[in-house]
Amino acid sequence: MSILVLNGPNLSRLGKREPEVYGLTTLEDINRGLRESFPERSFEFFQSEDEGALLEKLFQIEDQGGCIGVVLNAGALTHYSIALRDAISAVHVPVVEVHLSNIYAREEFRRRSVISEVCAGVISGFGANSYHLGVRALLGLAG
Ligand code: DQA
């Protein structure tokens, strides 16, 4: 049983993008760190700048089966994508919402997440460790 680590728009730019907010760690570093911390787990990593591709990935893991859950950093889609929210509701795998930054300590528009209500829980503000905590949360849910 695998875990999908799903990243939305602009997260491919980690390491170069606003390092004062997101740090110097790249997405590849984060993914490698997860593999090293959970060597017994199988991961799938997927990132896209495209909302539709993220929805399709969620439907694909649902249809294929064998996925215990999703660690999702939806980037800015967090704040406005009803399509992503509906896709999360439509699938039967738990989704943990994660953010590198503390979205509640930033601009007003980031304080609202339209996906939190349909996610199993939210982890925000711990940098790359948010992803590790997200994996732990999923493993806890899976028992
Ligand atoms: C983010 C926070 C979002 O507000 C922002 O649009 C991102 C990254 C985070 O990980 O802190 O792209 O999801």
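May I ask you to verify whether L100 is within 14 Å of the ligand (Cβ to nearest atom) and either over 16 Å from A128 (Cβ atoms) or not polar (S, T, N, Q) (or both)? Yes, satisfied. Report yes if some residue within region 1-18 is away from the ligand (no atom under 13 Å from the Cβ) and in a helix (DSSP H, G or I); otherwise report no. The answer is no, given that none of the residues of region 1-18 is away from the ligand (no atom under 13 Å from the Cβ) and in a helix (DSSP H, G or I).
Within the option set I61, I68, being touching a residue at least 60 places away in the same chain (Cβ under 8 Å), of a type in the set (A, V, I, L, M), within 24 Å of P39 (Cβ to Cβ) and out of contact with any Lys or Arg (no Cβ under 8 Å at 6 or more places or on another chain) holds for one residue only, I68. Check whether at least one residue in region 37-57 is assigned to a loop (DSSP other than H, G, I, E, B), within 15 Å of the ligand (Cβ to nearest atom) and open to solvent by less than 20 Å² (accessible area, probe 1.4 Å), and report yes or no. Scanning region 37-57 turns up at least one residue that is assigned to a loop (DSSP other than H, G, I, E, B), within 15 Å of the ligand (Cβ to nearest atom) and open to solvent by less than 20 Å² (accessible area, probe 1.4 Å). Checked against the criteria, L24 counts as hydrophobic (A, V, I, L, M, F, W, C) and outside any helix (DSSP H, G or I). Residues considered: G23, G8. Of these, the only one that is open to solvent by less than 60 Å² (accessible area, probe 1.4 Å) and out of contact with any Asp or Glu (no Cβ under 8 Å at 6 or more places or on another chain) is G23.
Residues checked against (1) more than 11 Å from the ligand (Cβ to nearest atom); (2) assigned to a strand (DSSP E or B); (3) touching an Asp or Glu at 6+ places or on another chain (Cβ under 9 Å):
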residue: L77; (1), (2), (3): no, no, yes
residue: D86; (1), (2), (3): yes, no, no
residue: H92; (1), (2), (3): yes, no, yes
residue: R112; (1), (2), (3): no, no, no
residue: E117; (1), (2), (3): yes, no, no
residue: I123; (1), (2), (3): no, yes, yes
residue: H132; (1), (2), (3): yes, no, no
residue: G140; (1), (2), (3): yes, no, no
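The values are calculated or read from the model by the stated rules, or taken from the named source; none is laboratory data. Owing to the predicted nature of the structure, the values given are computational and were not obtained by experimental measurement. When we count neighbours, we look across all protein chains shown, and the Cβ atoms used for this are built from the backbone with ideal geometry, even at glycine. In case anyone asks, the SASA skips ligands and DNA or RNA and just uses the protein heavy atoms, side chains included. Shrake-Rupley method; radii C 1.70, N 1.55, O 1.52, S 1.80 Å.
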